[in-house]
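Reading through the structure tokens given below for one structure.
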Amino acid sequence: MDIRDYGWDQIFEQRWTEKYKEPFKPGRIVADYGQMLRVVSESGEHLVNRPVKKPDNETQPAVGDWVALDFAQEVPTITGILDRKTKFSRAAAGQAVKEQIVAANVDTVFLIQSLNRDFNMKRLERYLIAGWESGAMPVVVLTKADCCENVAEKVMTVYDTAPGVDVHAISALTGQGIDGIRTYFKPGKTIALLGSSGVGKSTLANLLAGKELLKTQDIREDDSRGRHTTTHRELILLPGGGLLLDTPGMRALSLWAAESGMELMFGDIEEWIGQCRFSDCRHENEPGCAVREALQTGELELKRWESWLKLQKEIKHLEAKKEGKLRLHQKQWGKQIAKLQKEIYKGKI
Ligand SMILES: Nc1nc2c(ncn2[C@@H]2O[C@H](COP(=O)(O)OP(=O)(O)OP(=O)(O)O)[C@@H](O)[C@H]2O)c(=O)[nH]1
Ligand SMILES: [Zn+2]
């Protein structure tokens, strides 16, 4: 097996030589089954255990990661993770303040939305922010073009919101736009399919692979989404070269990090804000507010401004949650140290 087909390149080679040597071997995680991970290395495919999480290291391996495999054991084990080139993350569902890495070391992220009733610019905006943030190149793929009367109009709307991003309207049914999609798959390049459940990720994956990879279910009569069918993440080597990562449909994309994504998506707004007379301008009715002015002249669209406000609120909330977690950690540490000091003082240690 040539690991270069799986995306191994000079950058990883360099990161590897800085950190590892024989008998360790590099391998790429191609599937995540929860407790078990499937890894490809030069000697083939291996099923390995998910490494035990250590308290001082929160980094958990994700599909797409390059890992160091120790073959000295009977069953190969993961001993380390190479620094990632890119990662597409979201905030994990539930109460815990936790990052969930959906895809690691991807070169391009297809942000997929269907052109039927599901089309939602607000949702696409969030995907674009997370897409830019990932470090990979975001590409918008609008599926089910056969179900839409005004494809060109919708494509233009996306172009307006995401200048500089490629937009493709496709149909798995008629084959429209599929050739354009194929151009992204080059040997060693990894592309992740990201989007809500039912947008047609698995259908597209099957089409690109030229065979049934994963089961898709027929759409239900009563809504425009498909059933949730893809259960695990899997990286697939395509026959013509290139790697495809189909991911399970996401119910909601809660942002995890957004700084550079916000800047790339809303750089103009940040510029307006910089021009307000008061540095603490709330952009409500202060004199010399450049944002209000831009809204009045129409240079800044109200819809975009409202999006920005809403996202900003969400990011502040997330930052506060992250900070709270950090403080809790510090508090717990503080308690342990105080206890230790007491014991030393009492001569117990
Ligand atoms: N009309 C039409 N239907 C499509 C197209 N692509 C996919 N579908 C249908 O949409 C439904 C959902 O497709 P899937 O490929 O399972 O969607 P998914 O994004 O993989 O869904 P999850 O696995 O739940 O994340 C299925 O019934 C497909 O047949 C298309 O281009 N046109
Ligand atoms: Zn202002």
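The values are calculated or read from the model by the stated rules, or taken from the named source; none is laboratory data. Small disclaimer: the values here were computed from a predicted structure and weren't measured. Heads up, the Cβs are rebuilt from the backbone with ideal geometry, glycines too, and the neighbour counts pull from every protein chain shown. The protein model used for the area step is the full one, side chains on, heavy atoms only, and it has no ligands, DNA or RNA in it. Shrake-Rupley method; radii C 1.70, N 1.55, O 1.52, S 1.80 Å.
The conditions are (1) at pLDDT below 85; (2) in contact with a His (Cβ under 6 Å, 6 or more places away or on another chain), and A92 fails exactly one of them. Which is it?
So the condition that A92 fails would be (2).
So which strands (runs of 3 or more DSSP E) are wholly in region 1-87 and hold at least 2 residues that are open to solvent by 70 Å² or more (accessible area, probe 1.4 Å)?
Numbers: elements: 25-32, 36-41, 44-49, 66-70, 77-81.
Of the strands (runs of 3 or more DSSP E) lying wholly inside region 1-87, those with at least 2 residues that are open to solvent by 70 Å² or more (accessible area, probe 1.4 Å) span 44-49.
Can you name the residue in region 253-292 that is in contact with a helix residue (DSSP H, G or I) (Cβ under 6 Å, 6 or more places away or on another chain) and open to solvent by 60 Å² or more (accessible area, probe 1.4 Å) and is also nearest to ligand 1 (Cβ to nearest atom) among such residues?
L264
Quick one: what pairs do we get from region 72-98, first residue within 15 Å of V39 (Cα to Cα), second among the hydroxyl-bearing types (S, T, Y) and outside any loop (DSSP other than H, G, I, E, B), C-beta under 9 Å, 6+ apart or different chains?
Sorted first by the residue in region 72-98, then by its partner, the pairs are P76/S41.
Could we say that K122 is within 19 Å of the chain's Cα centre (by Cα), among the charged types (D, E, K, R) and part of a helix (DSSP H, G or I) here?
Taking the combined requirement at face value, the residue satisfies it.
Can you list residue pairs whose Cβ atoms sit under 9 Å apart, with the first residue in region 266-288 being closer than 18 Å to E301 by Cα and at pLDDT below 95 and the second being of a type in the set (F, W, Y) and not in a helix (DSSP H, G or I)? Count only pairs 6 or more apart in sequence or on different chains.
Pairs that qualify, where the first residue is closer than 18 Å to E301 by Cα and at pLDDT below 95 and the partner is of a type in the set (F, W, Y) and not in a helix (DSSP H, G or I): there are none.
Checking the conditions here, which among E293, E263, E299, E271 is within 16 Å of ligand 2 (Cβ to nearest atom) and either closer than 18 Å to L128 by Cβ or not in a helix (DSSP H, G or I) (or both)?
When all the criteria are applied, what remains is E299.
In this structure, is R304 within 16 Å of ligand 2 (Cβ to nearest atom) and in contact with a Cys (Cβ under 9 Å, 6 or more places away or on another chain)? Even if it seems obvious, please write down each step before you answer.
Numbers: within 16 Å of ligand 2 (Cβ to nearest atom): yes; in contact with a Cys (Cβ under 9 Å, 6 or more places away or on another chain): no.
No: the conditions fail for R304.
Pull up region 296-349, narrow it to residues that are over 22 Å from the mean Cα position of the chain (by Cα) and of a type in the set (S, T, Y), then point me to the one that is modelled with the lowest pLDDT.
Y345
Please work out which one of (1) away from ligand 2 (no atom under 15 Å from the Cβ); (2) open to solvent by less than 60 Å² (accessible area, probe 1.4 Å); (3) among the polar types (S, T, N, Q); (4) without any contact (Cβ under 8 Å) to a residue 60 or more places away in the chain is the condition Q312 fails and give its number.
(1)
Given (1) part of a loop (DSSP other than H, G, I, E, B); (2) away from ligand 2 (no atom under 16 Å from the Cβ), identify the lone condition not met by R282.
Result: R282 passes all but (2).
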